[in-house]
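Presented below is the structure to which this report refers.
The values are calculated or read from the model by the stated rules, or taken from the named source; none is laboratory data. Because the structure is predicted, anything quoted here is derived from the model rather than measured. All Cβ positions, even for glycine, are placed from backbone atoms using ideal geometry, and neighbour counts span all protein chains on display.
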Ligand code: HMG
């Protein structure tokens, strides 16, 4: 029985900044951000869009009544959780209107957790082939103003419906993962901003990639010639290029040309959004499937997931014939093109806003700041108030 991705949706807030303008404001050569980092635009989350509302918006884009009846497991991966106890998945389960006999759980391991959720979903569906699982990767990447990580921020969510006999990507069950306790990137409980050892994080990412890829090759006896395209976790698009270069260093000209040929379509959405942590790999996959040419029937795609701290995984799947007709290309293009550009002053003000930390009630001005159908309307008696706009 094949198990894999049956649907994939995406949401990003309605406002962004232009990376050349951010570079000018920081006194940096614009080419450093657009070429050196590889980002054109960066999504910014107003207070009325948090990890829960973004995930709910991504889910609502793809779920139909049949999905809402068949889903009995909601797994939400995030490192931007909004409560120490209650999982964001419970809110999304409710906001998306999923039938009540379902499990709802939140998972955490930096940018990696949505991949763990996918593995769990595959196990669940193999035991219950008539059920579906909703996996969400949702995050707001924040390093703070005037920091080294500032040009690699972003915000957004990806929603994936996994099922038996999927219509988009049938996943192979022979992935290879690895864990190692390192301090390349983390966010202490007291901080709204992530801390990072930038250069070390890049190196750690590449070390994990080459290590799990080497082990994957040994275990599966596959090599680059078995892959039509590769997708990576994309904290910024230049990192995707570094990853591709690392894997193709000793590859044949033919393999290198083919794999490099898919790089631009696979980073098109990431370039316009920035890092969305848990969803970044899946945003790249979405970008490849929607913005790339139709892949040959049963073409295999390799995927590398990395979450600082750190866990990495290399896995793969084969595209299903006719997958293009199940993508939502026009909707995603208009989501990105209908956003409003913020001035750098507006962005700086939004980035420094946070909800009261002393439990004070707050009502948010969501009409002004959000086009998403689900918004965080405020906090009352320490309880977050979500609503459909
Ligand atoms: P930096 O020190 O500002 O930048 O940090 P740099 O000096 O290394 O320059 C970046 C690139 O721009 C270099 O290219 C320069 O040559 C180039 P590279 O050597 O890398 O190929 N450059 C220019 N190019 C064209 N024209 C110019 C120009 N000037 C310079 N004029 C860094 C960059 C990414 C380290 C920083 O932004 C950062 O710390 N970001 C956050 C950490 C990060 O994203 N790490 C990625 C790997 S870890 C990961 O992916 C996990 C993560 O997603 C978190 C999670 O798991 O939850 C982050």
**OP:** Could you please let me know if residue 9 is within 15 Å of the ligand (Cβ to nearest atom) and in contact with a helix residue (DSSP H, G or I) (Cβ under 6 Å, 6 or more places away or on another chain)?
**Re:** no
Subject >> Those residues of the range 12-23 which are farther than 30 Å from residue 70 by Cβ and either within 13 Å of the ligand (Cβ to nearest atom) or crowded, with 21+ Cβ neighbours inside 10 Å (or both), in sequence order >> reply: 15, 16, 17, 19, 20, 22, 23
Subject >> Selection from the range 360-372 of residues that are out of contact with any strand residue (DSSP E or B) (no Cβ under 7 Å at 6 or more places or on another chain) and at pLDDT 95 or above >> reply: 360
**OP:** Kindly establish whether residue 307 is within 16 Å of the ligand (Cβ to nearest atom) and either free of Cβ contacts under 8 Å to residues at least 24 places away in the same chain or in contact with a strand residue (DSSP E or B) (Cβ under 8 Å, 6 or more places away or on another chain) (or both).
**Re:** yes
Original post:
What is the residue count in the range 28-53 for residues that are buried (at least 24 other Cβ atoms within 10 Å of the Cβ), within 16 Å of the ligand (Cβ to nearest atom) and in a helix (DSSP H, G or I)?
Top reply: 2
**OP:** Return a yes/no flag: does the range 373-387 have any residue that is modelled with pLDDT under 95, part of a loop (DSSP other than H, G, I, E, B) and touching a strand residue (DSSP E or B) at 6+ places or on another chain (Cβ under 9 Å).
**Re:** yes
Original post:
When you look at residue 59, is it outside the structural domain of residue 241 (by TED's automatic domain parsing) and in a strand (DSSP E or B), yes or no?
Top reply: no
Original post:
Condition test on residue 192, is it at negative phi, within 21 Å of the chain's Cα centre (by Cα) and not assigned by TED's automatic domain parsing to the domain that holds residue 52?
Top reply: yes
Subject >> Condition met for residue 69 (surrounded by fewer than 24 Cβ atoms within 10 Å (Cβ to Cβ), touching a residue at least 24 places away in the same chain (Cβ under 8 Å), assigned to a helix (DSSP H, G or I) and in contact with a strand residue (DSSP E or B) (Cβ under 7 Å, 6 or more places away or on another chain)) >> reply: no
Original post:
Of the residues that make up the range 102-117, is at least one closer than 23 Å to residue 353 by Cα and more than 16 Å from the ligand (Cβ to nearest atom)?
Top reply: no
Original post:
In the range 133-165, which residues are more than 20 Å from the chain's Cα centre (by Cα) and either more than 16 Å from the ligand (Cβ to nearest atom) or in a helix (DSSP H, G or I) (or both)?
Top reply: 164, 165
**OP:** Go through the range 86-132 and count every residue that is outside any loop (DSSP other than H, G, I, E, B) and touching a helix residue (DSSP H, G or I) at 6+ places or on another chain (Cβ under 6 Å).
**Re:** 12
Original post:
Among (1) in contact (Cβ under 8 Å) with a residue 40 or more places away in the chain; (2) in contact with a strand residue (DSSP E or B) (Cβ under 6 Å, 6 or more places away or on another chain); (3) surrounded by fewer than 24 Cβ atoms within 10 Å (Cβ to Cβ); (4) not in a strand (DSSP E or B), where does residue 290 come up short?
Top reply: (2)
**OP:** Check 334, 305 and return the single one that is farther than 18 Å from residue 3 by Cα, modelled with pLDDT of 95 or more and in a helix (DSSP H, G or I).
**Re:** 334
**OP:** Only residues in the range 332-353 that are without any contact (Cβ under 8 Å) to a residue 24 or more places away in the chain count as the first member; pair them with residues that are exposed (fewer than 12 other Cβ atoms within 10 Å of the Cβ) and assigned to a helix (DSSP H, G or I), Cβ under 6 angstrom, at least 6 apart or cross-chain, and list the lot.
**Re:** none
**OP:** Evaluate the following for residue 356: is it in a loop (DSSP other than H, G, I, E, B) and over 29 Å from residue 175 (Cα atoms)?
**Re:** yes
Original post:
How many residues does the range 111-124 contain that are surrounded by fewer than 24 Cβ atoms within 10 Å (Cβ to Cβ) and either in contact (Cβ under 8 Å) with a residue 12 or more places away in the chain or not assigned by TED's automatic domain parsing to the domain that holds residue 164 (or both)?
Top reply: 5
**OP:** Would you mind listing the helices (runs of 4 or more DSSP H) fully within the range 167-265 where at least 2 residues are more than 16 Å from the ligand (Cβ to nearest atom) and surrounded by fewer than 18 Cβ atoms within 10 Å (Cβ to Cβ)?
**Re:** 198-220, 253-261
Original post:
Does any residue of the range 37-51 turn out to be in contact with a helix residue (DSSP H, G or I) (Cβ under 9 Å, 6 or more places away or on another chain) and free of Cβ contacts under 8 Å to residues at least 40 places away in the same chain?
Top reply: no
